[in-house]
Amino acid sequence: MTPRLCILTGAPGAGKSTLLDILVGFPFATVDFDELLEPDGTLLGIDIASPTAEPVWPAYNRMWARLAALLLRGGGPVLVMCPLTPDEWAEAATDVPGLPDPEWARLDCADTDRRARLAARPWGSEEIEEALADAEELRGLVPRAFTTSGRGTAEAAEAVARWVRGEDGSDRDGGR
């Protein structure tokens, strides 16, 4: 039986990095695209998080697809948290051996919560508007959703874990 590959996408401010600390305690592999970029956003001397690095983003995404395939060798489910769309993942996963078709969900939150979270980082208004547009795009592309609005981190993480374990667990409101 092929192990499950679950991809939890989400626009900035949804809470992926916040959930990571709890999700790593569950009995499945959990990784977040941002983990290799800490503490300063660089990888091999390139500030991957910067818009100027956009030409290398496909290579970064492909690296993560290959890492997911390596983790799947363990036989258990793998949860990859990232900001990608299904098409972006499909492009990155092209010709990567050992990758099953992923199951998709998105982490989302109310737009008012996203604004407040990103303003606290502190992000400028243009960056926040881009994140809001990204969230809206993902809502149209990935129907299964988990919200971080109006609930604690542990509760949201448990809902995601139920999904990764093969239980439904998804929220019905879509996070708006």
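None of the figures in this text is laboratory data; all of them are computed from the coordinates on show. Please read all numbers here as calculations on a predicted model, not as lab measurements. Cβ atoms come from the backbone with ideal geometry, glycine included; neighbour counts cover every protein chain shown.
The residues neighbouring PRO55, those whose beta-carbon lies less than 15 Å from its own, together hold a net charge of -3 under the Lys/Arg +1, Asp/Glu -1 convention. Helical runs (DSSP H, four residues minimum) scored at -39500 (n - 2.57) apiece and divided by the length of the chain put the mean residue ellipticity at 222 nm at -12000 deg cm²/dmol. So if we plug the beta-carbon distance of ARG73 and ARG162 into 1/(1 + (r/R0)^6) with R0 = 25 Å, what FRET efficiency do we get, rounded to 0.05? The pair ARG73/ARG162 has a calculated efficiency of 0.55.
Calculated FRET efficiency, GLU54 to ASP101, Cβ-Cβ distance, R0 = 25 Å: about 0.40 to the nearest 0.05. Does the chain come out rounded, prolate or oblate, given a ≥ b ≥ c as the square roots of the eigenvalues of its C-alpha gyration tensor, rounded meaning a/c under 1.5 and, failing that, prolate meaning a/b above b/c? Since a/c reaches 1.5 but b/c is at least a/b, the shape of the chain is classed as oblate. Between LEU141 and LEU37, the FRET efficiency from the beta-carbon distance, with R0 = 30 Å, is close to 0.80.
Net charge dipole, the stretch 34-125: roughly 180 debye, given to the nearest 20, about the Cα centre with Cβ charges of +1 for Lys and Arg and -1 for Asp and Glu.
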